[in-house]
Amino acid sequence: MTFTGRVAVVTGAASGMGAATAREFAASGGEVIIVDRNGPLARQVANGINSGPPVIGDVSDASFCKRALETALERHGRLDVLVNAAGIIVRADALNTSDEQWQRIMDVNVKGVFFMSRAAVPHMRKLGRGAIVNFGSIWGTVGATGAVAYCASKGAVHQITRAMALDHVRDGIRINAVCPGEVNTPMLASERTEPVTPELMERLAATVPLGRLADPLEIAKVVLFLASDSASYITGSLLTVDAGYTAR
């Protein structure tokens, strides 16, 4: 899979799976625009792949999303790929999820995907082709305890993916979602009520049929596949990458 001559915008690219995806695009010859609200971490990733200054801001702001994609056009004259990896989690049941937490997770996880994708479509339509890869989750398909807002947000991402794929298939734009299981990222360790210890990580790994957590790079390679010409007949799909977790 080569992306020489192609331009990819990756949100949430300052850490975790977003950062791994940005690095893989760059290693495959693509030009990458890093988008994140964490300036210091985003600059570290950008410097590591020589991608130019990152675009710093919040994807829940529609005007920011528009500016972020216009940056790709200003720097490289085109937009071929959008990866919506930005996301947050709230670990709480409904009774313990505040109004503010519910709204924030919907703003980032749902609005962010919608605003970025909506802003990308006109640019891709002009090219007559393009690929959008959204980050869904296994928790958008099956339930999980103590993460009701996150589960709801990822279910919405799955439906945005399907509906937009149908809306824009004749524009030459393919839209899919990658749905990871348990991945060894900062988000996996965040918002937990118990200390994050090696023992906790081992217990999480033991819940996976393969017996280990995924490395972010393993998810990034699937994202690149979905964005590549090798996936030319795939659109509107939710590709689960969970080592058999939801097969039971």
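Throughout, read-outs are computed from the coordinates displayed, never taken from laboratory work. Keep in mind it's a predicted model, so treat the numbers as computed, not measured. In this analysis, Cβ positions are derived from the backbone assuming ideal geometry, glycine residues included, and neighbour counts consider all displayed protein chains.
Measuring nothing but how far apart in sequence close Cα pairs (under 8 Å, 6+ apart) lie, relative to its length, the range 1-44 scores a relative contact order of 47 percent.
Counting other beta carbons within 10 Å of each residue's own, what order do R248, R162 fall into, fewest first? If you can, show how the numbers build up before the last one.
Numbers: R248 6, R162 17.
So the ranking, lowest neighbour count to highest, is R248, R162.
With the cut-off at 25 Å, report for the range 106-248 the share of all Cα pairs above it, as a whole percent.
Working: 3137 of 10153 pairs.
Result for the distance tail: 31 percent.
Computed from the C-beta positions of Q44 and R170, the FRET efficiency with R₀ = 45 Å rounds to 0.65.
By the rule of a C-alpha distance below 12 Å, with chain neighbours fewer than 8 residues away ignored, the aspartates and glutamates paired with K111 are D58, D61.
Between the amide H of N134 and those of N84, N176, A177, V178, distances stay under 5 Å, these residues lying 5 or more places away or on another chain, with hydrogens modeled in the peptide plane. Backbone amide hydrogens, once placed in the peptide plane, bring R212 within less than 5 Å of nothing, excluding anything fewer than 5 places away on its chain. Residues S15, S190 in ascending order of nearby Cβ atoms (within 10 Å, fewest first): S190, S15. Taking amide H as placed 1.01 Å from N in the peptide plane, R6 has its amide H under 5 Å from the amide H of E31, each at least 5 places away in sequence or on another chain. Long hydrophobic helices in the chain: none of the complete DSSP H runs spans 18 Å or more by Cα along its own axis with mean Kyte-Doolittle hydropathy of at least 0.5.
Using alpha carbon coordinates only, what is the Rg to Rh ratio of the range 1-107, with Rh defined as the Kirkwood radius? Walk me through the numbers on the way to the answer.
On the way: Rg = 14.9 Å, Rh = 14.4 Å.
Rounded to two decimals, Rg/Rh equals 1.04.
A simple spin-label model places the labels of E218 and R203 2.1 nm from each other, with each point 7 Å out along Cα-to-Cβ. Treating each Cα of the range 7-238 as one equal point scatterer and applying the Debye formula with no solvent, the log10 of I(q)/I(0) at q = 0.09, 0.16, 0.17, 0.18 Å⁻¹ comes out as -0.34, -1.12, -1.26, -1.41. Net length available on complete extension from A189 to E70 is 39.5 nm, with 0.36 nm assigned per residue and the Cα-Cα distance removed.
As a proxy for reagent exposure, Y150, Y233 were ordered by neighbouring Cβ count within 10 angstrom, fewest first; the result is Y233, Y150. Partner aspartates and glutamates whose Cα lies under 17 Å from the Cα of K154, excluding those fewer than 8 positions away in the same chain, are identified as D93, D107, E182, D242. The mean sequence distance of close C-alpha pairs (under 8 Å, at least 6 residues apart), as a share of the length of the chain, puts its relative contact order at 21 percent.
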